[in-house]
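The structure appears below as structure tokens.
The values are calculated or read from the model by the stated rules, or taken from the named source; none is laboratory data. Please read all numbers here as calculations on a predicted model, not as lab measurements. Note: ideal-geometry Cβ built from the backbone for every residue, glycine included; neighbour counts use all protein chains shown. Remember, those area values only see protein heavy atoms, side chains included, never the ligands or the DNA or RNA. Shrake-Rupley method; radii C 1.70, N 1.55, O 1.52, S 1.80 Å.
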Amino acid sequence: MLQVKGVSKAYGSEAVLHSVTFNVNPGERAALVGPNGCGKTTLLRIIAGEESADAGAVSRPRESTLGYLPQGFAFSGDLTVEAVLRGGVPGYAGALAWMRELESRIASSEGASTVTIDEYSRAVEEFEILGGYAIETHMQVLLDRLGLFGVRFDTPVTQLSGGQQTRLGLARLLLAEPTFLLLDEPTNHLDISAIEWLETFLASYRGALLIVSHDRLFLDRTVTRIIEIDAESHHARAFAGNYTDYARIKATELDKQWAAWTDQQEEDEALERAIHLVSQRASRYQNISKNDFQRRKSKVLMQKAMAQKTRLERQVGSDDRVEKPKEGWALRVDFGEMPRGGQEAITLQNAGHSYDGLNYLFRGASLLLRHGERVALIGPNGSGKSTLLRAIAGELALSEGVIRIGANVRIGYMPQGQETLTPRETPFSVIQASASTNETPARNFLHYFLFSGDDVFTPVERLSYGQRARLLLARIIAQGANCLVLDEPLNHLDIPSQEKFEEALAAFPGAVLVAAHDRAFIDRFATGIWSLEHSGIVSYLSRADMRP
């Protein structure tokens, strides 16, 4: 059992976790959920031993193993892909090297006499216990399934992109099959087919899982327990079931809290009205008092009013008082009014691109994105999604074909890598430059995207991935774009913000082309799909139409 007991963590005066307590039992599949910044990643790092807690403890059986996949996974040194993968199974690389050393000595006339049968048998037995040559096959399967099928075993990891290194780190963990597997946003760099394979793999995983993910469908298909980190109290609370079950319970609780709070308000107001009326009557009798009866009547009424006032004060100060529900975590998005673009927003005519003149990512693509359409761009990693979006945004020229942007169409481009933000910029400077506005309107605008107070002056280099994603979205909106070209915009948004983002896109009057791998988002948002497949781009009405 993985036991988290009374864990607390603060950075300066800001509490992140407070007395967090929960267990993860052998074979259990659990998810950590909560808004960005609530401490999910910090908690995983504490469990993994990469960060210390201010109070509390984490314990697990001595014989158990633990594997951790952070959001940004990077390898250093001169390791190859093969060395990284073999290093995931403790002792495997050494056992293989020793067995091959003995085989080499046996094969040589000088060294054969120095190797005993028992020594070689023990070496083979140790190698087989650790998985034997089946590990080599499993390594290749994992690379293929996680979208690294073109990567050779002898490739230096320094030649891999950040996303590829993260997938390699995931492959290494899955190969090791630790007793407890901690995954922080494992789907961020995976395409849809890889995510679906990972779901199947984890469904039969023998160890326990603790996952942080903003992919709702992934959580629904992989976990049976939700552990919520509350952003206000910083405590943990467990819920049985998958994410949909959790969301349903939370919605029901919120409805009940609103109803109870409304009833409480009505009761308070009714009591305040009664106090006012009784006090008025008492004053009236007091003012016209000419005999003992009227004075006694006034006194009785005043006593009644005081009793009611005391009752109201007790109600307001009661520990059973129902708190007003909070509005929630998510950002607010309002696209406002914008200039109407042409009916044909983006036109592709025989579009194709190759980086070497021989191998084409896609070719012969002729497609049309109309005003008001919301199209999801999907395809395997490396198939050319980002390349196509960059070409539409004017950042690179295609090898062949034409891209036409319609009359009065203003493209708002949001890259996946967040590279268009410079480290020294601040949210305030970005929005002020984009909208040519003064301080007060800029700060008010940023407040909608959860930047408040001194946050608006925080340098980009100190912002989290999620904060940068919100800033990029804010910049697009401030620039007044009427055609959005978005490359994986949901990667670093928490689930409530994803849902709010979907609502905003559904209300957006212009055209939207978005590369995405979140299937729940695609199914709820898209009016059409462009799928990169077989070196071309095929148009579908929905994901369901793509299935055989």
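Summarising the strand pairing of the chain, around 50 percent of its internal DSSP beta bridges are antiparallel. Between R237 and Y355, the C-beta separation translates, for a Förster distance of 60 Å, into a calculated FRET efficiency of about 0.75. Full extension of the chain between A433 and R543 yields a length gain of 35.7 nm, computed as 0.36 nm times the residue separation minus the alpha carbon distance.
Quick check: residue separation of D230 and T440 times 0.36 nm, minus the Cα distance between them. What number comes out in nm?
Details: separation 210, 0.36 × 210 = 75.60 nm, distance 3.11 nm.
Going from the current span to full extension adds 72.5 nm.
In this label model, Q303 and A507 are separated by 5.7 nm, measuring between points 7 Å along each Cα→Cβ vector. With a Förster radius of 35 Å applied to the C-beta separation of V141 and R462, the computed FRET efficiency comes to 0.30. Neighbours of A83, meaning other residues whose beta-carbon lies under 14 angstrom from its beta-carbon, give a summed charge of -1 when Lys and Arg score +1 and Asp and Glu score -1. Sorting the segments 150-159, 369-378 by their residues' average number of neighbouring beta-carbon atoms within 10 angstrom, most packed first, yields 369-378, 150-159. Between E323 and E395, the modelled labels are 4.2 nm apart [label points 7 Å from Cα along Cα→Cβ]. Quote to one decimal, in nm, the extra length available between T116 and A274 on full extension: 0.36 nm per residue of separation minus the C-alpha distance between them. Difference between extended and current length: 46.9 nm. Of the three principal axes defined by the Cα atoms of the chain, the extents in descending order read 131, 68, 47 Å.
How far, in degrees from 0 to 90, does helix 243-288 lean away from the longest principal axis of the Cα atoms of the chain, to the nearest 10? For helix 243-288, the angle is close to 10 degrees. Evaluating 6.51 cos²θ - 1.76 cosθ + 1.60 at θ = phi - 60° for every residue in region 475-487, the Karplus couplings come out as 5, 4, 5, 5, 7, x, 5, 10, 9, 9, 10, 10, 10 Hz, glycine and proline recorded as x.
Enter the accessible area per residue of the chain (Å², integer; probe 1.4 Å; all protein chains in place).
Working: 27080 Å² over 548 residues.
With all protein chains present, the chain gives 49 Å² per residue.
The label-point distance for I249 and E82, in a model that sets each label 7 Å from Cα toward Cβ, rounds to 4.9 nm.
Once the other residues with Cβ under 9 Å from the Cβ of Y205 are scored (Lys, Arg +1; Asp, Glu -1), what is the net sum?
Values: positive: R29, R206; negative: E177.
Charge balance in the 9 Å sphere: +1.
Among 345-352, 4-11, sorting by the average number of other beta carbon atoms lying within 10 angstrom of each residue, highest first, gives 345-352, 4-11.
May I ask you to give the percent of accessible area on region 396-548 that is carbon plus sulfur, with a probe radius of 1.4 Å? Roughly 48 percent of what the probe reaches on region 396-548 is carbon or sulfur.
The trypsin sites (Lys or Arg not before Pro) of region 186-265 that meet both conditions, a loop assignment by DSSP and at most 10 other Cβ atoms within 10 Å of the site Cβ, are R206. Once the Cα atoms are used to define both axes, helix 117-129 deviates from the longest principal axis of the chain by about 30 degrees. Listed peptides 484-491, 92-99, 535-542 appear in the order 484-491, 92-99, 535-542 once ranked by packing, highest mean of other Cβ atoms within 10 Å at the front. Nearest 10 degrees, 0 to 90: what angle lies between the long axis of helix 192-203 and the longest principal axis of the chain (Cα atoms)? Rounded to the nearest ten degrees, it is 90.
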